[in-house]
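Here the structure comes first, spelled out in C-alpha cells, and everything after it is commentary.
The values are calculated or read from the model by the stated rules, or taken from the named source; none is laboratory data. Everything quoted here is computed from the prediction, not taken from an experiment. Quick reminder, even Gly has a Cβ in these numbers, built from the backbone with ideal geometry, and neighbours come from all protein chains shown.
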Amino acid sequence: MAGNITLEVVTPEKVVVSEEVQIAVAPGSLGEFGVLVGHTTFLTTLKTGMIHYTGADGGQRYIFASGGFAEALPDKLTVLAESAERRRDIDTGRAQAAMERAQKRLEKEDEDIDFARAKAALERALHRIRIAGTKQ
Amino acid sequence: MATLKEVKTKIGAVKKTKQITKAMNMVAASRLRGAQTNMEGFRSYAEKFAEVLGGLSGRAGEETNPLLLPHDEVIKKHIILCTSDRGLCGGFNAHLISKADSFIKEAGEDIEFSVTNFGKKGRDWCRKKQISIRSEHIDVIGTVIKFNIASTAGKGLIDGFLNGEYDEVYVVYSEFISMGRQVATIKQLLPIPPMESDEDEAEDQDKPYLAEHICEPSPDELLGELLPRSVYVQLYSALLETSTSEHAARMMAMDNASKACDDMIDNLTLAYNKARQASITAELMDIVGGAEALRG
C-alpha cells in the first residue's frame, strides 16, 4: 500500500473519528465509493448507511452515518454527518424501539403523517441494527 | 440600634443566602464548561461546513435556490428569540428582549411579526406583548442541545418561508465573547444573506478551493442539499452560544451576589459587635453605679 489517508468523521456534537486509515468506503448518494491515498478531489452527499474502513493496524471498523456529505482529497476524507456512531457505540435497544415506532406509524396509512420522516427514521434504525450486527 | 438577637438572626440569614448563591455559581461554572466543550466540538463541523459551502456557492449558478431569493414584498417578519428558561442571571434576558423589542419598533407598524421562542423568559414576554407565537421550545437552552432540535425547528422555518407565511427570518441570540462579555445579537437567517465575497476572494487567491472538485450530484443539486442544512447550522450555533452565555451570565451574577453577601455580613458583624459592646458598657455602668451607691 502506498500510504494512509486521514479519515475524519465529524458531527455537530463531536468529532467521531479522526485517524489514519488504509482505505475508507462510504455510501455516496450516487453509489458507494472507496477512497485510497491519491484519490481525486471529490464532493458528494451521502445516503444513510455504513462507512467502513481498514485502520492503520489492518482492523476493519464500521461507522453508522446519516444526513451528511463527504469531501475526498488526495490525502484525506472528511465526512460531515448529522449523526454518526461507531459500531460499538450504537444503542441497539434504542434503534429497535425506533424501528418499531416507525413501522407502526407507516402502517397507519389513513392518518395524515409525515411519511418521509417516518420512512427516514425507519431507514436509520434498520441501518443501525444491521451495522451493530456486523461481525468484526 | 437593633437588638443583639435581631442582628444575629440577620447575619445567619445572609450567610444562608450566600451559601445558595455560591452553590449556584459552582453549578453554573460546571455547566459552562460542558457548554463550552459542546461549542468547541461544533466548531470543527461549522468551519468545514462553511468552507465547503463557500466553495460551492461560488461555482453553482447564481440565485437559483429559493432560499437565496428575497421575497418581492416584505410584510411579515419572523423572529427566533433565544432566551433562558430561568432568571437569576443578571441582565441576560433583559438585553435579549430589548434587542428584539427595538428591532420590532424600528420596523414600524406596517410589518407583521411572529416569533419562535426558545426559552421561557422570551415566551412570557411575547405573551404579555401579545405577539403571535408560532412555536415554543422550553427546556432547550441551558441543557445539552441535540442537533436534531435545530434541524427540526429549522425545517419548520424553511417550510414557512417557502409557503409565504413570512418573508424574512431573523434570529436574536446572545453571542458568547468571553466569560464577562455576552452580546445580544440579531442576524438574518432567511433569505440566506449572500456570502461576504471580499473575504472569499482573498482566500481563493491563496488556495483555489474546490476548483477541480468532482461533484456528485451536480454542484447545483449539492447546493440545494447544503443550503437548508446551513440554516440548521446557523440556528444550532445560535442555540449553543445562547446556552453558553446564559451559564456565563449566571456565574457572573451569582459571583456578584456572593460578594454582596460578604459585604453585608461584614457590615452586620460590625453592627453586632458595636451593639454587644454597648450592652457590656451599659452593664458595667450599672454594676459600678450599684457598688458606689452601697459604699456611699
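Can you tell me which of (1) of a type outside the set (S, T, N, Q); (2) over 12 Å from the mean Cα position of the chain (by Cα); (3) surrounded by 18 or more Cβ atoms within 10 Å (Cβ to Cβ); (4) in the same structural domain as residue A:20 (by TED's automatic domain parsing) is the one residue A:95 doesn't meet?
Condition (4) is where residue A:95 drops out.
Does region B:194-214 contain any residue that is surrounded by 15 or more Cβ atoms within 10 Å (Cβ to Cβ), within 20 Å of residue A:29 (Cα to Cα), in the same structural domain as residue B:146 (by TED's automatic domain parsing) and modelled with pLDDT of 80 or more?
Scanning region B:194-214, I find no residue that is surrounded by 15 or more Cβ atoms within 10 Å (Cβ to Cβ), within 20 Å of residue A:29 (Cα to Cα), in the same structural domain as residue B:146 (by TED's automatic domain parsing) and modelled with pLDDT of 80 or more, so the answer is no.
Within region A:64-115, take every residue that is among the acidic types (Asp, Glu) and assigned to a loop (DSSP other than H, G, I, E, B) and give me the one that is nearest to the other protein chains (Cβ to nearest Cβ).
A:114
Would you mind telling me which numbered condition in (1) over 27 Å from residue B:38 (Cβ atoms); (2) surrounded by fewer than 22 Cβ atoms within 10 Å (Cβ to Cβ); (3) within 14 Å of the chain's Cα centre (by Cα) residue A:8 fails?
Of the numbered conditions (1) over 27 Å from residue B:38 (Cβ atoms); (2) surrounded by fewer than 22 Cβ atoms within 10 Å (Cβ to Cβ); (3) within 14 Å of the chain's Cα centre (by Cα), the odd one out for residue A:8 is (1).
Please determine whether any residue of region A:29-36 is farther than 22 Å from residue B:215 by Cα and either part of a helix (DSSP H, G or I) or not hydrophobic (A, V, I, L, M, F, W, C) (or both).
no
Which ones in region B:211-246 are within 12 Å of chain A (Cβ to nearest Cβ), within 27 Å of residue B:96 (Cβ to Cβ) and small (Gly, Ala, Ser)?
B:230, B:237 - these are the residues of region B:211-246 that are within 12 Å of chain A (Cβ to nearest Cβ), within 27 Å of residue B:96 (Cβ to Cβ) and small (Gly, Ala, Ser).
Exactly one condition in (1) modelled with pLDDT of 85 or more; (2) facing another protein chain (nearest Cβ under 10 Å) is not met by residue A:26; state its number.
(2) is the only condition that residue A:26 fails.
Among the candidates B:86, B:59, which residue alone is within 14 Å of chain A (Cβ to nearest Cβ), in contact with a helix residue (DSSP H, G or I) (Cβ under 9 Å, 6 or more places away or on another chain) and at pLDDT below 90?
B:59
Go through the residues of region B:144-151 one by one and say whether even a single one is more than 14 Å from chain A (Cβ to nearest Cβ) and either out of contact with any Gly (no Cβ under 7 Å at 6 or more places or on another chain) or of a type in the set (Phe, Trp, Tyr) (or both).
The answer is no, given that none of the residues of region B:144-151 is more than 14 Å from chain A (Cβ to nearest Cβ) and either out of contact with any Gly (no Cβ under 7 Å at 6 or more places or on another chain) or of a type in the set (Phe, Trp, Tyr) (or both).
Scan region A:31-54 and tell me whether some residue there is touching a residue at least 60 places away in the same chain (Cβ under 8 Å), among the small types (Gly, Ala, Ser) and more than 14 Å from chain B (Cβ to nearest Cβ).
yes
Is it fair to say residue B:51 is touching a residue at least 40 places away in the same chain (Cβ under 8 Å) and acidic (Asp, Glu)?
Considered against the rule, which asks whether it is touching a residue at least 40 places away in the same chain (Cβ under 8 Å) and acidic (Asp, Glu), residue B:51 comes out as yes.
Surrounded by 20 or more Cβ atoms within 10 Å (Cβ to Cβ) and not hydrophobic (A, V, I, L, M, F, W, C) - does that describe any residue in region A:98-120?
So far as region A:98-120 goes, no, none of its residues is surrounded by 20 or more Cβ atoms within 10 Å (Cβ to Cβ) and not hydrophobic (A, V, I, L, M, F, W, C).
Taking interchain pairs and intrachain pairs at least six residues apart, which have beta carbon atoms under 6 angstrom, with the first residue in region B:77-96 and outside any loop (DSSP other than H, G, I, E, B) and the second surrounded by fewer than 17 Cβ atoms within 10 Å (Cβ to Cβ)?
Every condition considered, the pairs that remain are B:77/B:111.
Okay, residues lined up against (1) at pLDDT 90 or above; (2) under 54 Å from the mean Cα position of the chain (by Cα); (3) of a type in the set (D, E, K, R):
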position: B:259; (1), (2), (3): yes, yes, yes
position: B:264; (1), (2), (3): yes, yes, no
position: B:273; (1), (2), (3): yes, yes, no
position: B:283; (1), (2), (3): yes, no, yes
position: B:288; (1), (2), (3): yes, no, no
position: B:291; (1), (2), (3): yes, no, no
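Which members of region A:1-30 meet the condition of being among the hydrophobic types (A, V, I, L, M, F, W, C), without any contact (Cβ under 8 Å) to a residue 60 or more places away in the chain and closer than 25 Å to residue B:46 by Cβ?
The answer is A:15, A:21, A:24, A:26.
For region B:252-271, give me each residue that is in contact (Cβ under 8 Å) with a residue 12 or more places away in the chain and either closer than 11 Å to residue B:18 by Cβ or of a type outside the set (S, T, N, Q) (or both).
Residues satisfying the conditions are B:252, B:253, B:254, B:255, B:257, B:258, B:261, B:262, B:264, B:265, B:268, B:271.
Condition first: more than 9 Å from chain A (Cβ to nearest Cβ) and of a type outside the set (A, V, I, L, M, F, W, C). Now tell me which residues in region B:38-50 satisfy that.
Within region B:38-50, B:40, B:43, B:47 qualify.
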